[in-house]
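Worksheet: the structure to be examined is printed underneath.
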Amino acid sequence: MSETSCLHICHACVCPEFTSCRYPVHFHMMGDTSFTSWVANCSIHHTWNRGVTIHGTHQVHVRHTTAFVTTGHTFFLEDGVEYGNIFEGNCGFLTQVSNGMLITDNNPATFWMTNPNNTLIGNHAGGSLEGFGFWYHLDDNPGGASKTYSICPKYETMGVFKNNLAHSNQFYGLRIHPEYYQQSCPCCGQWNLTPARFEGLIGYKNGVNCVVATQTGCCQHKFADQHGKYHEGRG
């Protein structure tokens, strides 16, 4: 997809399973779009490969889009280099396991974030089968086609995570794993931690806990009706 928009489009049963780079909506290695590219008011359902993929692309606005019965991580940042994207008011339901993509797709997240410097506001993640609502999976450096040592997602500055909802997921509503240590200078090799803020999460009926996290600041959350603890982790 180039500098275009997607409005009121319904995708059903699209994209063959086990085939990378074949997704219903795919922003591929476009660099900084400065919000000239966006997805709005779409319905994406019964897909074999994800929902909206952003790969090597920055400042895309994905809003008011619903993904239902999708396979693998659904709203998906691919390599970890992606920054400045906005996910606002989207809904994902019944995210299903994929055995033919990443290993982590065996436990899929409706929102899969590989770089914290993005914005998630007012999104709804419900019913991820064998997985999670929101998963921040932050490596030391980006991989894949965007591999570089000049970006350090595990230590990057947090964007915005605010007023999102996670419920009825098999394991956690919000998972920050393996680790996240926000630093003022992410790739400098200095140990100058600053708490990252995840604000206003509403979570209920998640199978294990609402949140599992390390070195993050959690504030003004609302949790209810959990089988286990509401929060686990350090920091």
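The values are calculated or read from the model by the stated rules, or taken from the named source; none is laboratory data. None of these values were measured; they are calculated from a predicted model. Quick reminder, even Gly has a Cβ in these numbers, built from the backbone with ideal geometry, and neighbours come from all protein chains shown. Remember, those area values only see protein heavy atoms, side chains included, never the ligands or the DNA or RNA. Shrake-Rupley method; radii C 1.70, N 1.55, O 1.52, S 1.80 Å.
Model label sites at ILE103 and GLU199, defined 7 Å from Cα along the beta-carbon direction, differ in position by 3.6 nm. Across the protein chains, with a 1.4 Å probe defining accessible surface, the residues LYS147, LYS205, LYS162 rank LYS147, LYS205, LYS162 from largest area downward.
The label-point distance for ARG22 and ASN192, in a model that sets each label 7 Å from Cα toward Cβ, rounds to 4.9 nm.
Would you please classify the overall shape of the stretch 103-147 from the alpha carbon gyration tensor, given that a ≥ b ≥ c denote the square roots of the eigenvalues, rounded means a/c under 1.5, and beyond that prolate means a/b larger than b/c while oblate covers the rest? Oblate, because a/c is 1.5 or more while a/b does not exceed b/c. The accessible-area ordering, largest first, of the residues MET158, MET101 stands as MET101, MET158, per a 1.4 angstrom probe. Rolling a 1.4 Å probe across all protein chains gives THR36 an accessible area of roughly 60 Å². In sequence order, the stretch 99-107 has phi-based couplings of 9, x, 10, 6, 4, 5, 5, 5, 10 Hz under the Karplus curve 6.51 cos²θ - 1.76 cosθ + 1.60, θ = phi - 60°, and Gly or Pro positions carry x.
Here the stretch 114-183 is treated as a sphere whose radius is the Kirkwood value from Cα pairs; by Stokes-Einstein at 37 °C and 0.692 mPa s it diffuses with a coefficient of 254 µm²/s.
Largest accessible area first, the residues ARG63, ARG175, ARG22, ARG50 order themselves as ARG22, ARG63, ARG175, ARG50 under a 1.4 Å probe with ligands, DNA and RNA left out.
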